[in-house]
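The values are calculated or read from the model by the stated rules, or taken from the named source; none is laboratory data. Since the structure is predicted, the reported quantities are computational estimates derived from the model, not experimental observations. Every residue, glycine as well, gets a Cβ built from its backbone with ideal geometry; the counts of neighbours run over all protein chains shown.
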Amino acid sequence: MDNLTKKQRHLCMSRIRSEDTKPEIIVRKILNKHKIRYSLHSKKLPGKPDIVISKKHKVIFINGCFWHQHKGCKRQALPKTNKKYWLKKLENNVLRQEKDIAELKKMGWKSIIVWECEGKRNKHLIQRIKKLLS
C-alpha cells in the first residue's frame with residue numbers, strides 16, 4: 001500500500017527530471033575536463049541520446065537504474081503497488097532503448113550506457129568514456 005495520497009504521489013513523480021540529472025552533469029564535467037565537444041539531447045537521433053559527440057559519431061545514454069532496470073542494482077526494485085502497470089512500463093523502457101541503440105548502430109553511431117549508480121565510481125567512469133572515444 002502506498003503511504004502517499006494520489007496527489008502527493010503525482011507531485012513526487014512530476015519532480016523527477018529527465019535532463020540535467022546528477023549523473024549527466026558528472027559525465028559532462030568529465031567530457032569538459034578532457035576538452036571534448038558535445039551536444040545534449042539531440043532530437044534528430046533515435047532515443048534522443050543524453051550526450052552526442054558528433055565528430056566521432058558516438059553517443060552516451062545516461063540511464064536511471066530504476067527507469068531502465070539496471071540488472072543487479074539495488075535501485076532497480078519494482079514498486080510494491082500497481083506492479084502490473086510498472087512491470088509493463090519499465091519493460092517498454094528497456095525494449096525501446098534497445099531498439100534505439102540498434103537503430104543508431106545501423107546509422108553508424110557507437111553508443112554506451114552510463115548507469116546512475118556509476119556516478120560514484122569516477123575513475124571507472126572516466127575509463128569507460130575514454131574507451132568509447134578512442
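Between residues in segment 20-32 that are under 15 Å from Ile112 (Cα atoms) and residues that are in a helix (DSSP H, G or I) and acidic (Asp, Glu), which pairs lie under 8 Å by C-beta distance while being six or more apart or on different chains? As it stands, the answer is Pro23/Glu116; Pro23/Glu118, since those pairs meet every condition given. Ile53 fulfils the conditions (1) out of contact with any Gly (no Cβ under 6 Å at 6 or more places or on another chain); (2) buried (at least 18 other Cβ atoms within 10 Å of the Cβ); (3) closer than 22 Å to Cys117 by Cβ; (4) not hydroxyl-bearing (Ser, Thr, Tyr) except for a single criterion, (3). For residues in segment 99-132 being among the β-branched types (Val, Ile, Thr) and assigned to a helix (DSSP H, G or I), which is farthest from Val27 (Cα to Cα)? Among residues in segment 99-132 that are among the β-branched types (Val, Ile, Thr) and assigned to a helix (DSSP H, G or I), the one farthest from Val27 (Cα to Cα) is Ile101. When segment 35-82 is filtered for residues that are β-branched (Val, Ile, Thr) and within 19 Å of Asn93 (Cβ to Cβ), the ones remaining, listed by number, are Ile51, Val59, Ile60, Ile62, Thr81. Looking across segment 36-66 at every residue that is among the β-branched types (Val, Ile, Thr), in a strand (DSSP E or B) and more than 15 Å from Met107 (Cβ to Cβ), the one that is farthest from the chain's Cα centre (by Cα) is identified as Ile51.
Given the structure, is Thr5 surrounded by fewer than 15 Cβ atoms within 10 Å (Cβ to Cβ), polar (S, T, N, Q) and either touching a residue at least 12 places away in the same chain (Cβ under 8 Å) or out of contact with any Lys or Arg (no Cβ under 8 Å at 6 or more places or on another chain) (or both)? When the stated conditions are applied, Thr5 passes them. If the condition is being under 13 Å from the mean Cα position of the chain (by Cα) and of a type in the set (Gly, Ala, Ser), then segment 1-35 contributes only Ser18. Applying the condition of being in contact with a helix residue (DSSP H, G or I) (Cβ under 6 Å, 6 or more places away or on another chain) and modelled with pLDDT of 85 or more to segment 68-89 and asking which residue is surrounded by the fewest Cβ atoms within 10 Å (Cβ to Cβ) yields Cys73.
If you take the residues in segment 107-125 that are touching a strand residue (DSSP E or B) at 6+ places or on another chain (Cβ under 8 Å) and of a type outside the set (Lys, Arg), which one is modelled with the highest pLDDT? Ranking the qualifying residues of segment 107-125, first place goes to Trp109.
Residues in segment 75-98 that are within 17 Å of the chain's Cα centre (by Cα), free of Cβ contacts under 8 Å to residues at least 40 places away in the same chain and assigned to a helix (DSSP H, G or I): Gln76, Lys89, Leu90, Glu91, Asn92, Asn93, Val94, Leu95, Glu98. Number of residues in segment 52-67 that are in contact with a His (Cβ under 9 Å, 6 or more places away or on another chain) and over 29 Å from Pro79 (Cβ atoms) equals 1.
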